[in-house]
Amino acid sequence: MEPRNFDGDADRPRSAGAKQTGRVLVIGPYLRGRAGSADAQSETHVLRDAEARLDEAAGLARAIDLVIADAIIAPINQIRPATYIGKGKVEEIAALIKTLDVELVVMDCALAPIQQRNLEKELHAKVLDRTGLILEIFGRRAKTREGSLQVELAHLNYQRSRLVRSWTHLERQRGGFGFMGGPGETQIEADRRLIQERISKLEGELKKVQATRRLHRAGRQRVPYRVVALVGYTNAGKSTLFNRLTRADVQAADMLFATLDPTLRALSLPHGGKAMLSDTVGFISNLPTQLVAAFRATLEEVLEADVILHVRDISHEDAEAQQSDVDAVLRQLGINPDDSGRIIEVWNKIDRYDSEQREELLNIAARRPEDHPAMLVSAVSGEGVDALLAAIEERLAAKRTTLDLSIDAADGAGISWLHRNAEVLAKELHDGRFDMTVRVDETKRDIVVNRFDAVPRLSA
């Protein structure tokens, strides 16, 4: 749907066709372009086009099968404490809601509880802000026990501050005893207490999840498998690339947040080595902080990863802004997005370009600094995937030491230990001894050197 500008009477959208029920009106209440404006909580919003932002908001609504009656931009000069937008805009939107028979209004911004309540009173329709919409999507996408716990925790933290609009009986009081027992506990206090008890229980269960993940990671660290994590903006093609690299069948669809629950699969490297590839939830601009906190157990796979693939939809008109959004979330997780030794930038969806445009992309990538290369791939066609795998292998090898050693062929325990704890690159039998070349993590280097009298291989 083509977004329209809703600026007074000039470009007021008209109703087309018969009225329908259950439809949604998407509003983009964006401050008129001023760098560093209040709704731009990061510099990325200065880079974003208003229509692209509104289109993304409409995509979020479609991701949970909402029927969009219209999507409009409502430019504002300042944020109003009571209703976020001005009184005149509220009246115009209320008239439009009545004309289109809309039941739900999605505001592409973060609303305070009082703003959300006031808008619902004025518009006579349910109002959902950007955070609430993303939570609704996550609630539908979560399939695993862990994902459900994380979504419920985030939703309860969000709901706790909005009890004032969630109930109509909160002024009632209960409790007390006889005439002298006092007013007792208010309904809103009881509801908040119940929510807090549930939150505490969920946090305890998630701590168990984190402990289990730590055990799994410790188990992987005892074998020579390293971890490679995919991160990127939602709908950048991470899951499609994951399937291409691992021959898996993770759900991949052209929609926002098609994949929510994390997945791990074995990744075969060009020279026979193995790694574990992790697919994670996609990021988005203004990702709610409570979601980042709730999904920290899942995102710990990224924190522990040896190599991070930042997958970008290079064909998207807001590709640069999306990169900034992902970088911002990585910083929230304590990861430096400029760490070239750990992060590989992957420019995906090059299949959408013709040969001339592709050549231009290659020239842009070639001009990047050597320590910040960009890998051009198409997860759909497989173009560039071999080069990406080689780059992953090279990056993983840079963090490991190659050693030469000679071991008695009768030392079965030692040979078995090397196969479990190191990557065996070469193994030849000479006069009852195995001459081996192995590659080990820095944490096991001294063990191999001391136990097997191994020596580092000199660089060619």
Seminar exercise, completed: As straight-line cross-link partners of Lys126, the qualifying lysines (C-alpha separation under 16 Å, not fewer than 8 residues apart within one chain) are Lys98
For this session: Rounded to whole Hz and in sequence order, give me ³J(HN,Hα) for region 396-401 from the Karplus expression 6.51 cos²θ - 1.76 cosθ + 1.60, θ = phi - 60°, writing x for Gly and Pro.
Result: 5, 5, 5, 8, 10, 10
Exercise. Mind checking which lysines have their C-alpha under 30 Å from Lys399, skipping anything on the same chain fewer than 8 residues away?
Worked result: Lys238, Lys274, Lys349, Lys427, Lys444
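Is there a quick way to get the dipole size of region 320-386? I mean about its Cα centre, with the Cβ of Lys and Arg at +1 and of Asp and Glu at -1; what is the value in debye to the nearest 20?
Around 180 debye, computed over region 320-386.
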Seminar exercise, completed: One finds, for Asp453 and Ala398 with R0 = 30 angstrom and r their Cβ-Cβ distance, a FRET efficiency to the nearest 0.05 of 0.75
For this session: Leaving ligands, DNA and RNA out of it, work out the accessible area of Asp49 with a 1.4 Å probe and give it in Å² to the nearest 10.
Result: 80 Å²
Seminar exercise, completed: Among beta bridges assigned by DSSP with both residues in region 306-460, the antiparallel ones amount in percent, to the nearest 5, to 65 percent
For this session: Could you tell me which of Ile392, Asn450, Ala422 has its Cα farthest along the dipole of region 391-460 towards the positive end, charges placed at Cβ (Lys, Arg +1; Asp, Glu -1), taken about the Cα centre?
Result: Ile392
For this session: Could you order Thr240, Thr401 so the one with the most accessible surface comes first? Probe is 1.4 Å.
Result: Thr240, Thr401
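The values are calculated or read from the model by the stated rules, or taken from the named source; none is laboratory data. Quick caveat: nothing in here was measured; it's all calculated off a predicted structure. When we count neighbours, we look across all protein chains shown, and the Cβ atoms used for this are built from the backbone with ideal geometry, even at glycine. The protein model used for the area step is the full one, side chains on, heavy atoms only, and it has no ligands, DNA or RNA in it. Shrake-Rupley method; radii C 1.70, N 1.55, O 1.52, S 1.80 Å.
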